[in-house]
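In what follows, a single structure is set out as C-alpha cells and then discussed.
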Amino acid sequence: MAKQDRAVRTRQELIRSAAEAFDRSGFAPSSLMEISVGAGVSSGALHFHFGSKRALGAAVESEAARILQDIIAPRPCERPASLRNLVDTSHVLARRLAEDVVLRAGFGLAGDAAWQEDVALWRVWHDWVGSMLTQARAEGVLAADVLIEDLASAVTAVVVGAQALGSTDADWSPRQAVDQFWNLLLPRIATAMVRP
C-alpha cells in the first residue's frame, strides 16, 4: 500500500474513532488517547494528522456535512415531486443517523455545550426541508394554510429528535417515528389531489 493511501486510511480511522468517542461521551470528556487507541494508531500519528482535539472535531463535523450533502443532493435524471422527495429523504436521513456514527456525531456536536462552533448540521437540514416545502407550494401540492417555517421546524425536530430518543431507548425506532409522523401529517398538509 502506498504511503499516501495509508495516510488517508489513518485519517479516516481517526475521524471514525473520534466520532465514536464524541457520540458516546460528548466532546469534552473524550480524550485524544482514547481516540488514538480506538483508531489503532499512536498518539504521534494522531498529532501528525490533527493538531488538536478541536481540529479533529472540525474534521468529524466536515465529514458529517459531506454525508448530509450526499443525502440531500439532487440525483441526476431524477426529479421526484418535492413533497415525495422530502418524505423519502427524511426516511433516508433517519436511517443513516441510526447507522452512521460520523453523521450522528456531526449532528450531536451542534448540541454539545463544549463544542460551540458555528456549523450546525440541523440548520442545513432545516434549510433544505424549507426549500422542498417551498417547491411543494409552487407545485400546488402543499395545503394553502400550511406555514412552511412551522412545518420545516417540525420535520427537523422529528427526524433529528427521533435519533436522539432512539439512541437511549430501543422502543423509539427512528424509522418507526418518522413513519408515524408522516402517516399522521401527510393527510393534513397535502392538497386533495395528492392525498392517498
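Between residue 183 and residue 65, what's the calculated FRET efficiency when r is the beta-carbon distance and R0 is 25 Å? Round to 0.05.
Numbers: r = 30 Å, r/R0 = 1.21.
According to the calculation, E is roughly 0.25.
Across 5 Å bins from 0, what is the distribution of all Cα-Cα pair distances for the chain, in whole percents?
All Cα pairs considered, the percentages come to 1, 7, 15, 17, 16, 13, 10, 8, 6, 3, 2, 1, 0.
Going by Cα centres, the stretch 81-136 and the stretch 1-46 are how many Å apart?
Here the two parts' Cα centres lie 24 Å apart.
At 0.36 nm per residue, minus the direct Cα-Cα distance, what do residue 123 and residue 157 gain on full extension? Give it in nm, one decimal, please.
Working: separation 34, 0.36 × 34 = 12.24 nm, distance 1.07 nm.
So the extension gain works out to 11.2 nm.
To the nearest 0.05, how large is the calculated FRET efficiency for residue 81 and residue 47 if R₀ is 35 Å and r is the Cβ-Cβ distance?
Details: r = 50 Å, r/R0 = 1.42.
According to the calculation, E is roughly 0.10.
Starting from the Cα of residue 147, step 7 Å along the direction of its Cβ; do the same at residue 95; then give the gap between the two resulting points in nm.
3.3
For the stretch 88-172, with every protein chain kept in place, what is the accessible area per residue (1.4 Å probe, Å²)?
Values: 4000 Å² over 85 residues.
Value for the stretch 88-172: 47 Å² per residue.
Would you calculate, for the chain, the mean residue ellipticity at 222 nm contributed by helices, counting each DSSP H stretch of 4 or more residues as -39,500 (n - 2.57) and dividing by all residues, to the nearest 500?
Values: 9 runs with 142 residues, N = 196.
Per the formula, -24000 deg cm²/dmol.
Using a simple spin-label model with points 7 Å from Cα along the Cα→Cβ vector, what separation in nm is obtained for residue 25 and residue 5?
About 3.4 nm separates the two model spin labels.
If I compute solvent accessible area with a 1.4 Å probe over the protein chains, what percent of it on the chain is carbon and sulfur? Mind showing how you got there, number by number?
Numbers: 5780 of 10490 Å².
Carbon plus sulfur share of accessible area: 55 percent.
The values are calculated or read from the model by the stated rules, or taken from the named source; none is laboratory data. This structure is a prediction, so every number in the text was calculated from the model and none was measured. Cβ atoms come from the backbone with ideal geometry, glycine included; neighbour counts cover every protein chain shown. Note: accessible area is taken over every heavy atom of the protein model, side chains too, but ligands, DNA and RNA are not part of it. Shrake-Rupley method; radii C 1.70, N 1.55, O 1.52, S 1.80 Å.
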